[in-house]
1. Could you calculate, for the stretch 72-177, the ratio of the Cα radius of gyration to the Kirkwood radius, expressed as Rg to Rh?
2. Rolling a 1.4 Å sphere over the protein heavy atoms, what is the accessible area per residue of the stretch 53-142, to the nearest Å²?
3. Using 0.36 nm per residue, how much length does the chain from Ile93 to Met105 gain when fully extended, once their Cα-Cα distance is taken away?
4. In nanometres, what is the gap between the two model label sites at Val232 and Thr48, each 7 Å from Cα along Cα-to-Cβ?
5. Hey, what did the stretch 42-175 get for relative contact order, percent, Cα under 8 Å, at least 6 apart?
Amino acid sequence: MTAAATALAASPSGPDMLLWVAVPYIALAVCAVGHVWRYRKDQFGWTTRTTQLLEHRWLRWGSPLFHLGAFAVIGGHVVGLAVPASWTEAAGITEHAYHNASVWMGTTAGLAMVTGLGMLCARRLLSRRIRTTTDRSDKVLFPLLAATVLLGITATVAHNLIGDGYDYRSTVSVWFRGLFTLRPEPEAITGAPLLFQAHALTALLLFAAWPFTRLVHVWSAPVGYLVRPYLVYRRRRTPGAAAPDGAVPPVAPARTRRW
């Protein structure tokens, strides 16, 4: 086989270029432009639309599980996708140690995230007052978010816990980093197992839907609370403790709180 034929055989096909180059760039462009549009046109809607006052028993457990699990999952993806294997090895972390930590810690974080998301979804479905606050974007966000997380957990369990193991950093990570260096390598992900490909596609759809859902609150960290002035709280006078005629009613000592 000549060199030209070898290069032609190794080059990605048209559907692969569409799926793993065009679609990712379209999704990232929609994510970036959509956030700018949302901030300029809908600042009052830039919120989680919290329903804590309507129901708090399920929220008390579901929200921390979901958010803590999400933070851990995002951190694991940043290390696994953005950091090359050579960097972690240079830091003294062997491939075996990284693999074991990523599998067990990632699975635990994913299960916590899924459990919290399940509680939040059940709370929204079972409570009529909360169900009435659900809009069309929520009906897209929650199934898409659940599919993305479940596909990631399934891929990890199927290939790294039950199966013989799969090093996604040699395929999926190479494709992912190539998108941001403007040197996409679709052939790097076309050889990945189907579950990893499906997980990547649902994640791209999630990025495209991000600016049009309540996920925008991720970029609104309450940093200003650390420097805002203290608020003064005073307790109301007990209704039964009436002050004598002409006397000034007692006032409870003031308490201060930053938030």
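The values are calculated or read from the model by the stated rules, or taken from the named source; none is laboratory data. Note that this is a predicted model, so its numbers are computed, not measured. All Cβ positions, glycine included, derive from the backbone under ideal geometry; neighbour counts span all protein chains shown. In case anyone asks, the SASA skips ligands and DNA or RNA and just uses the protein heavy atoms, side chains included. Shrake-Rupley method; radii C 1.70, N 1.55, O 1.52, S 1.80 Å.
1. 1.09
2. 64 Å²
3. Taking Ile93 through Met105 to full extension adds about 2.8 nm, to one decimal.
4. Between Val232 and Thr48, the simple spin-label model gives 3.1 nm.
5. Relative contact order for the stretch 42-175 comes out at 35 percent.
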